[in-house]
Amino acid sequence: MKLRYPVGVTFTAEVADSRTSALPDTATASRANRPPPVDAEDCSICGAVEALGDTWSILVLRELFFGVRRFNDMQQDLGISRSVLTARLTRLMDLGVVRTETYREPGERSREQYRLTRKGVGLLPVMVALMAWGDQHINGGVGPVTLHERSTGDAVRAELRTLNGRPVEAHEMVVRVKPNAALTAAGPRPAAL
């Protein structure tokens, strides 16, 4: 995968408050106690951001999660040009997160609408987390929409939990780099679109 980062760039996290960091405080942790740096070419976060592209792609995904399926409705809701929307939908289809489905209104010709694939639905926790972060840190704690469970009306939020179901805070996590992480991946990554 071609990334826009210079060769040899690695990522390590440094934060001012070690209680909120998933990594040890770099000022007090020796190099031996920290996980090895992850090269940008092997970083799943970098790969996901690179694959998704830009703000328009995220907004198209938002519309699909909100139930908007038709091209003209997305274009109108987003105020996006036809060419940009076409390019973003094509990118998302090439990535395998969006698919087309034919529909036909009575008396009209057949048309295509867009749906999320299972791979696309896998982005829901990411979208919910981005929304919650934006609500809290960009919109002063009050976002424009809230999410609710359909049958009960209960509010929905993203949450980190262990595989056993226990909630986990950032300061309770540790980073462990998989041995030979680049070699154990499920195959080659798709090229950046």
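Can you tell me which residues in region 86-105 are surrounded by 14 or more Cβ atoms within 10 Å (Cβ to Cβ) and either assigned to a loop (DSSP other than H, G, I, E, B) or touching a residue at least 60 places away in the same chain (Cβ under 8 Å) (or both)?
Correct list: ARG91, LEU95, VAL97.
Report, by residue number, each residue of region 62-80 that is in a helix (DSSP H, G or I) and either out of contact with any strand residue (DSSP E or B) (no Cβ under 8 Å at 6 or more places or on another chain) or of a type outside the set (A, V, I, L, M, F, W, C) (or both). It would help to see each step written out before you state the result.
Going residue by residue through region 62-80, those that are in a helix (DSSP H, G or I) are 62-65, 71-78.
Within region 62-80, ARG62, GLU63, ASN72, ASP73, GLN75, GLN76, ASP77, LEU78 meet the criteria.
For region 146-190, give me the residue count where each residue is modelled with pLDDT under 75, surrounded by 10 or more Cβ atoms within 10 Å (Cβ to Cβ) and in a loop (DSSP other than H, G, I, E, B).
3
Only one of these conditions is not met by GLY143: (1) more than 30 Å from ASN72 (Cβ to Cβ); (2) modelled with pLDDT under 95. Which number is it?
(1)
So ARG62 fits all but one of (1) touching a Leu at 6+ places or on another chain (Cβ under 8 Å); (2) touching a residue at least 40 places away in the same chain (Cβ under 8 Å); what number is the exception?
Status for ARG62: all satisfied but (1).
Given the criterion in contact with a helix residue (DSSP H, G or I) (Cβ under 6 Å, 6 or more places away or on another chain) and in a helix (DSSP H, G or I), identify the matching residue among SER57, SER83.
Residue meeting the stated conditions: SER57.
Criterion first (surrounded by fewer than 17 Cβ atoms within 10 Å (Cβ to Cβ) and modelled with pLDDT of 95 or more) does GLU108 satisfy it?
Criteria not met by GLU108.
The values are calculated or read from the model by the stated rules, or taken from the named source; none is laboratory data. Bear in mind that the values here come from a model prediction, so they are computed numbers and not experimental data. Quick reminder, even Gly has a Cβ in these numbers, built from the backbone with ideal geometry, and neighbours come from all protein chains shown.
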